[in-house]
Amino acid sequence: MSLPNSHEALLRNRQLLQGRVALLGVAATGLLADLPAGGMAMSEHAGVCASLAGQAGWQICFGYDDPALAAGAFDTLVVFLPKARAELDLRLALARWLAAAGARLVLVGEKKEGIAGAVKQLKAVAPGATKVDSARHCQVWCVDQIEPLPEFSLEQWMSWTGIDCKAVHLEVAGLPGIFSLGELDEGTRMLLETLDENPLRSGPVLDFACGAGVLGAWLHRWHEQQNQPRVTVDGIDVQSQAVICARATYERNGVSGRILASDGLSAVEGTWPVILSNPPFHTGVRTDMSMTERFLREVGRHLAPGGEVRLVANSFLPYEPLMKRCIGPVERLREDRRFSVYRAFRRS
């Protein structure tokens, strides 16, 4: 399996890696086997972390709050460029907190993902950074004697946003890199409006790709306002920041339900009468429907007989035939030029 260009660019420059090494933002399994003796590899993607487990000499950390992250422990910090520019500031702060005295920091990223703008963020904390390589459509930047940060607290990076939909008000947690930070995206709003217009059957709900926990918190508040029994909404997401934010959103809004980290449904146990989703369709800058297609193929095993799957998606994505084939009869509850909300019931 081929490596991302950024990982190949690091391998070209492996001579930069000295002493105890920390890799922040690893995106592919094969990288570690081709690097010198171990260190620590962090990814905010649950599936990547699972695939990295068991690599000899490497400690694997899931996300920015993994308890194994230790201050001042590393001599070389490699930061891979994240998708969101705001997340780069978070990743650089974590790197500086992990850095031992006199540590080296290496930033690697693809040109199409915005490495040119990222260099400005790097130089804001490391004015002496210099470009050491340009290859595989990537740039590699390096700075020695990075100034360590004395403390790192993820809570200081968390923001709260008030969201209103159908007379329901929520407080939603956010962290850099999370989907729809600081706002209610229009696809989710349309899905929520259909939940008001076409209420769900009773019983627990699973929110697949739950993000910051908006669907679960909204359903909880909507049921309260309708004087209906409390609903339990379990959420799963592949991203560390989403899991952290969803748990915080649930706690602040009094929602009952578990929030789990999972890459798809393969590691999930149980069945639900209702499964909701506003699934992602991007990997980096590319359209990528594979996660949603896998979800639709696997969802039947977790859906009670006669149960409902309701999801919102960009209208150009061809999910309706797949839902019909994998679940059952499909209808469009709402659509406009951008989004469609689909509902399918599992064949009994």
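The values are calculated or read from the model by the stated rules, or taken from the named source; none is laboratory data. What you see is a predicted model, and the numbers here were worked out from it, not measured in a lab. Every residue, glycine among them, receives a Cβ derived from its backbone with ideal geometry; neighbour counts consider all protein chains shown. Note: areas computed on protein heavy atoms with side chains; ligands, DNA, RNA excluded. Shrake-Rupley method; radii C 1.70, N 1.55, O 1.52, S 1.80 Å.
Below, the figures for the structure above:
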{"read-out": "Number of positions in region 1-17 that are polar (S, T, N, Q), open to solvent by 20 Å² or more (accessible area, probe 1.4 Å) and closer than 15 Å to residue 107 by Cα", "value": "2"}
{"read-out": "Region 18-51, residues that are buried (at least 18 other Cβ atoms within 10 Å of the Cβ), in contact with a strand residue (DSSP E or B) (Cβ under 6 Å, 6 or more places away or on another chain), over 21 Å from residue 144 (Cβ atoms) and of a type outside the set (A, V, I, L, M)", "value": "44, 49"}
{"read-out": "Long-range neighbours under 7 Å by Cβ, at least six apart or interchain, first residue on the phi > 0 side of the Ramachandran plot within region 90-108, second open to solvent by 10 Å² or more (accessible area, probe 1.4 Å)", "value": "102/145"}
{"read-out": "Index of the failed condition, residue 177 passing every other in (1) within 22 Å of the chain's Cα centre (by Cα); (2) assigned to a loop (DSSP other than H, G, I, E, B); (3) surrounded by fewer than 19 Cβ atoms within 10 Å (Cβ to Cβ); (4) small (Gly, Ala, Ser)", "value": "(3)"}
{"read-out": "Residue 155 in contact (Cβ under 8 Å) with a residue 12 or more places away in the chain and open to solvent by 80 Å² or more (accessible area, probe 1.4 Å)", "value": "no"}
{"read-out": "Subset of region 180-229 (residues that are open to solvent by 70 Å² or more (accessible area, probe 1.4 Å), over 22 Å from residue 245 (Cβ atoms), in contact with a strand residue (DSSP E or B) (Cβ under 7 Å, 6 or more places away or on another chain) and not polar (S, T, N, Q))", "value": "201"}
{"read-out": "Selection count, region 311-324, where residues are open to solvent by 30 Å² or more (accessible area, probe 1.4 Å) and closer than 21 Å to residue 273 by Cβ", "value": "1"}
{"read-out": "Within region 31-55, considering residues that are touching a helix residue (DSSP H, G or I) at 6+ places or on another chain (Cβ under 8 Å) and assigned to a helix (DSSP H, G or I), the one nearest to residue 262 (Cα to Cα)", "value": "46"}
{"read-out": "Any hit, region 74-85, residues being touching a helix residue (DSSP H, G or I) at 6+ places or on another chain (Cβ under 6 Å), among the aromatic types (Phe, Trp, Tyr) and open to solvent by less than 20 Å² (accessible area, probe 1.4 Å)", "value": "yes"}
{"read-out": "Given (1) open to solvent by 30 Å² or more (accessible area, probe 1.4 Å); (2) in contact (Cβ under 8 Å) with a residue 60 or more places away in the chain; (3) assigned to a loop (DSSP other than H, G, I, E, B), number of the condition residue 264 does not satisfy", "value": "(1)"}
{"read-out": "Residue 238 closer than 16 Å to residue 262 by Cα, among the aliphatic types (A, V, I, L, M), surrounded by fewer than 23 Cβ atoms within 10 Å (Cβ to Cβ) and out of contact with any Lys or Arg (no Cβ under 9 Å at 6 or more places or on another chain)", "value": "yes"}
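Rundown of residues vs (1) loosely packed, with under 15 Cβ neighbours inside 10 Å; (2) of a type outside the set (Ser, Thr, Tyr); (3) modelled with pLDDT of 95 or more; (4) closer than 17 Å to residue 188 by Cβ, yes/no style:
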| position | (1), (2), (3), (4) |
| --- | --- |
| 245 | no, yes, yes, yes |
| 249 | no, no, yes, yes |
| 293 | no, yes, no, no |
| 309 | no, yes, yes, yes |
| 342 | no, no, yes, yes |
